[in-house]
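Asks: Here you go, one structure.
The values are calculated or read from the model by the stated rules, or taken from the named source; none is laboratory data. All values derive from a computational prediction rather than experimental measurement. Neighbour counts run over all protein chains shown; Cβ positions are idealised from the backbone, glycine included.
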Amino acid sequence: MEEREPTVRVTVDSDGGPAVLVAAREAAEGSAVREVGPTGITALSPLVLATLGDSTAFHANCTPERAVAIVESLDAGDLPTEGAYAIVEHGTISDLPIPASGPLAVGGRRVLGRCGWAEPTAAPPEEIADRPDEVFETVRKTGLLGRGRGDAAADAPVAEQWVRARETAGEPVVVVNGNEADPGAAMDRTLLEGAPAEVLDAALAVAAAVGEAVPVDVVVYLNEADELARERVAAAAAALGAAIDVVVGPDLFIAGEPTMALEAMEGADRLEARLRPPGPAEYGLFGRPTVVHTPRTFAQGREAVLHGVGFDAADPGTRLVTVTGDVRAPATVEVPTGRPLSDALAAVGDPAFKMAGVGGRFGGLTRRLDVPASAPALAAAGLGTEGVVELFDDSRCAVAMAGHRARFAREENCGRCVPCREGSTQLHELLRDVYGGRYEDAKLRELCRVMGATSVCDFGRAAARPVLTAMDEFEAEFRAHADGRCPTGECEVRP
Ligand code: SF4
């Protein structure tokens, strides 16, 4: 629990905040000034929280000058309410108090609870690292699924990976795969910048559960651009008294795929996905049995142990969702799996949109977000489960969007397997043909099917999804392009 001295908290994340923190620290005479991580709501940053007794005043988009005025007010014994966008009354707490309305009130804040409130480099108030049996049993019984494309158990029961790693001969290792490397995604980054000690605490618990009697290494894998996350992970490991390695990989989309992450960690010059089986649990980092999860998965496991999980029985827990695209500022919020994805939109002001890309770079394009946020429901709707929702307004063309994603697949695939390497080239060319007057619906669909069914890794299996879903939802736009007309006016089409 937090102490009750007058306290100013300043959010500092990879988008900013240090100047406000410095100004607050220099001005403070009696109040404590703490550096905290992101809340996930970038429209509020830098956010300054002033706490006096049982009240916290929320000041959004603070300048250094305003931070000084807030600190001076608190030092004088007054809660700075002028200009505050919310005042919240609360008791002694260890998580961010939630305003009654506004973006921080959207969804629920369970794994995000400490983000924006706790000092990210301090140990959590309650640790689970020394409760491995309880962690294993809780996660196994609840059937927790892995979160995110960087997870070796993505949308599959994580406990099965632990059992496999435990039963495989060799020295196990636990990898926290924090390499999101997708410009739209901020789910794992929010956790690693905002609550890294909680993620590491859970990873240490999994290591103890997998290793039983033997010590198990924990390695955090980040991309080279994640400097703040790297610093905070190292500091959080020190606060936990744990020896945790941090390894940096390239800032490439493919480098987040679990087996390419292992290749990068081993120092490979050229990243290629590994054939499976055997999966990482049997043959992982340097051939050792390896559990690979995203920070999101570890955080959900911790939450399951401390507070239990509920919501959708087929996908217990919550899903972190970053809403981005044609919005004023992206927001990362937490949606219970039984709730529709559309709940997240309130965090960005419920904008009107023409289409949404659900699931990141290779997510599905759709007009509707009334789909539950659980993995089975999203997959059944043909959408991705990655947790990124990109909103696109009326000026965006569905054919162009599908084309951009196909070109990305063509340029960024690792080249290992034919269905993805050659398939993405053909896919891109067939889409270019649409602009030349030839829309081959059946041929495109068959190509998408083959890529999805036969590619070696999730990159190729998902790469055709934007095209397929765009054809399903926006067929009229494809036909209009073949007739020499772009309905939105975004594309130059040969008449
Ligand atoms: S699916 Fe694509 S990225 Fe994955 S192994 Fe095949 S070529 Fe490489």
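Asks: Please state which one of PHE298, PHE253, PHE286 is farther than 15 Å from ALA154 by Cα and within 21 Å of the chain's Cα centre (by Cα).
Replies: Every option except PHE253 fails the conditions.
Asks: I'd like to verify a number: residues in the stretch 448-474 that are in a helix (DSSP H, G or I), under 27 Å from GLU492 (Cβ atoms) and in contact (Cβ under 8 Å) with a residue 24 or more places away in the chain, how many? Give the derivation first.
Replies: Taking the stretch 448-474 and keeping what is in a helix (DSSP H, G or I), we get 448-454, 458-463, 465-473.
Going one step further and asking which of them are under 27 Å from GLU492 (Cβ atoms), we end up with 448, 463, 465-473.
Still in the list and also in contact (Cβ under 8 Å) with a residue 24 or more places away in the chain: 463, 465-473.
Within the stretch 448-474, residues that are in a helix (DSSP H, G or I), under 27 Å from GLU492 (Cβ atoms) and in contact (Cβ under 8 Å) with a residue 24 or more places away in the chain number 10.
Asks: Looking at ARG445, is it over 22 Å from LEU252 (Cβ atoms), within 16 Å of the ligand (Cβ to nearest atom) and in a helix (DSSP H, G or I)? Steps first, please.
Replies: Values: over 22 Å from LEU252 (Cβ atoms): yes; within 16 Å of the ligand (Cβ to nearest atom): no; in a helix (DSSP H, G or I): yes.
Criteria not met by ARG445.
Asks: I need the helices (runs of 4 or more DSSP H) fully contained in the stretch 155-265, keeping only those with at least 3 residues that are within 16 Å of the ligand (Cβ to nearest atom) and touching a residue at least 12 places away in the same chain (Cβ under 8 Å).
Replies: Because the criterion is at least 3 residues that are within 16 Å of the ligand (Cβ to nearest atom) and touching a residue at least 12 places away in the same chain (Cβ under 8 Å), the helices (runs of 4 or more DSSP H) in the stretch 155-265 that meet it are 258-265.
Asks: While we're on this one: Can you tell me which residue is surrounded by the fewest Cβ atoms within 10 Å (Cβ to Cβ) among those in the stretch 172-209 that are in contact with a strand residue (DSSP E or B) (Cβ under 6 Å, 6 or more places away or on another chain) and among the β-branched types (Val, Ile, Thr)?
Replies: Ranking the candidates gives VAL173 first.
Asks: Within the bounds of the stretch 333-348, is there any residue that is more than 28 Å from MET451 (Cα to Cα), part of a loop (DSSP other than H, G, I, E, B) and touching a residue at least 60 places away in the same chain (Cβ under 8 Å)?
Replies: Checked the stretch 333-348: at least one residue is more than 28 Å from MET451 (Cα to Cα), part of a loop (DSSP other than H, G, I, E, B) and touching a residue at least 60 places away in the same chain (Cβ under 8 Å).
Asks: So, one more: Can you tell me which residue in the stretch 312-330 is surrounded by the most Cβ atoms within 10 Å (Cβ to Cβ), limited to those that are small (Gly, Ala, Ser) and within 17 Å of ASP393 (Cα to Cα)?
Replies: Across the stretch 312-330, the extreme among qualifying residues is GLY325.
Asks: When only residues in the stretch 87-97 that are crowded, with 17+ Cβ neighbours inside 10 Å and out of contact with any His (no Cβ under 9 Å at 6 or more places or on another chain) count, which is nearest to THR322 (Cα to Cα)?
Replies: It comes out as LEU96.
Asks: Determine whether GLY301 is touching a strand residue (DSSP E or B) at 6+ places or on another chain (Cβ under 9 Å) and away from the ligand (no atom under 16 Å from the Cβ).
Replies: Answer is yes for this residue.
Asks: Does the stretch 448-467 contain any residue that is crowded, with 16+ Cβ neighbours inside 10 Å and away from the ligand (no atom under 14 Å from the Cβ)?
Replies: yes
Asks: What strands (runs of 3 or more DSSP E), lying completely within the stretch 1-79, carry at least 3 residues that are surrounded by 23 or more Cβ atoms within 10 Å (Cβ to Cβ)?
Replies: The qualifying strands (runs of 3 or more DSSP E) are 7-11, 48-52, 55-59.
Asks: Still on this structure: Restricted to the stretch 402-417, and to residues that are touching a residue at least 40 places away in the same chain (Cβ under 8 Å) and of a type in the set (Gly, Ala, Ser), which residue is farthest from the ligand (Cβ to nearest atom)?
Replies: Among those residues, the one meeting the criterion is ALA402.
Conditions tested, residue by residue: (1) at pLDDT below 95; (2) in contact with a Pro (Cβ under 7 Å, 6 or more places away or on another chain); (3) polar (S, T, N, Q); (4) outside any helix (DSSP H, G or I).
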position: ASP394; (1), (2), (3), (4): no, no, no, yes
position: ALA402; (1), (2), (3), (4): no, yes, no, no
position: ALA409; (1), (2), (3), (4): no, no, no, no
position: ALA480; (1), (2), (3), (4): no, yes, no, no
